[in-house]
Each structure stands twice: as structure tokens, then as C-alpha cells.
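*Asks:* The following block contains the structure, expressed as C-alpha cells.
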Amino acid sequence: MTPLDNASLRRLIEERLRGTQPQLEPSALRLPGIPGDLPAELRPALRSEPLTPAAVLVPLVERASGLHVLLTQRTAHLRDHAGQVSFPGGRMEREDADPAAAALRETFEEIGLEARFIEIVGYLDTYLTITGFSVVPVVAFVREGFSLALDEFEVASVFEVPLEFILDPAHHVLRHKDLQGVEVGYYEIPYEGQHIWGATAGMLVGLYQRLRS
């Protein structure tokens, strides 16, 4: 994408995500980071168990230097996605009215970011993870002035990546792996020693594709 100033990029994000709704029952499920639909050969195996609804916040922090994506490094002892770079978020609970409510609740519980600093913009495509989660990405602007309080059981650290870096396709590295006998692709976005890959990288590439189209 052609680099844009902060105001223009914000307007573009608002324009492309305006009116989007969460896909709670996606008709074309996708694996983390796979460019394109989930291979037909894998659908029966991965749909054999009920999917766990989940939501993550894609926080775009409004800094003087431009928009930055806030990411977390998960602790190494967790059962799911241990040690991985991820967005704040998690499974939906009964008290959550919708994916946005779940993303806001989980974000506060994990990193202490209060909802009053968050402005929800819209939604990206729902992702199916190989661990059995159907994840709704909730995109939001985050204004400066917030403070964080990390849940030390779940979150090892928090860092930010300039959105301009994410929106440069030269940083989207496509890898392949064998999954149940089927070769599938996934994305990596290396950044200053951080290994962003799988669902998180796939959702960020999805944001790039939405803004580019």
C-alpha cells in the first residue's frame, strides 16, 4: 500500500470496515494464516468437534508517530497457544452480549486496557484455529492516555508494531506445512525479534487485504 498520513489511514480504515458485522457462523472457515478457504480435505476432521466461539481485539493505538498495533506475548505455560504472539482476547462467555463485548472484557482482564479508551470500528473475517476456536477479530482505535496492568498468568509482555510496517506486503512471509497430509500455507511477520505468525499474522494480513481492496 502507498503510505498514508495518520488521518488518511484512519479514514480509510473507517471506510473499509464501516457496517461490517461479526461472522458467528462462517460459511467458509479458514485456518490460521492460510491464504484462501480452508482446504476441503481438512473440513470434515476439523468440524468433527463443536467450535468454541472466541473474539480478539485488534487494537490500533493512535500515537503522534502514527497508528500502532498492540500485541501480547502469551506466557509459556498456557494450554492453548503458549508463548505465542497474539491479540488480547479469548473465548466468549454467557454474559457476553456479542463478540465485541467479549473482546473488551478479555482485553481488560488480560492487560487492563479500559473500554473508555477504545473505539470499535468493525470486524475482519472470522478465523477457525486448529485448536478448535472460531475467532472474531474486532478492530478498534485506542486513544493515548491509557495504562496497562498485565495478567501475569496469561500475558508475559506487551509490545507495539507500527501499522505502516504491517501494511507493507514485503513483510508478509508465506510458509507451508503439512497438516493431516495436506500442504497448507500460513503467514509470518517478523518484527524486531518477535515471531508473529499463524492466526495473528493471518488476521493482520487480512486487515492489509481489506484496506488494499
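Coordinate-derived values only; no laboratory data. Predicted, not measured: the structure shown is a model, and the values here were computed from it. Cβ coordinates were reconstructed from backbone atoms using ideal geometry, including for glycine residues, and neighbour counts include every protein chain displayed.
*Asks:* Report the full-extension gain for the segment Arg11 to Glu95: residue separation times 0.36 nm, less the Cα-Cα distance, to one decimal in nm.
*Replies:* Contour length minus the Cα-Cα distance gives 27.0 nm.
*Asks:* So for each of 136-143, 177-184, 154-161 I average, over its residues, the number of other beta carbons within 10 Å; can you give me the resulting order with the highest mean first?
*Replies:* The peptides rank, most packed first, as 136-143, 154-161, 177-184.
*Asks:* Taking the Cβ of each residue in Leu207, Leu4, Leu57 as the centre, tally the other Cβ atoms inside 10 Å and list the residues starting with the fewest. Intermediate values should be presented prior to the final figure.
*Replies:* On the way: Leu207 23, Leu4 18, Leu57 28.
Lowest to highest Cβ neighbour count: Leu4, Leu207, Leu57.
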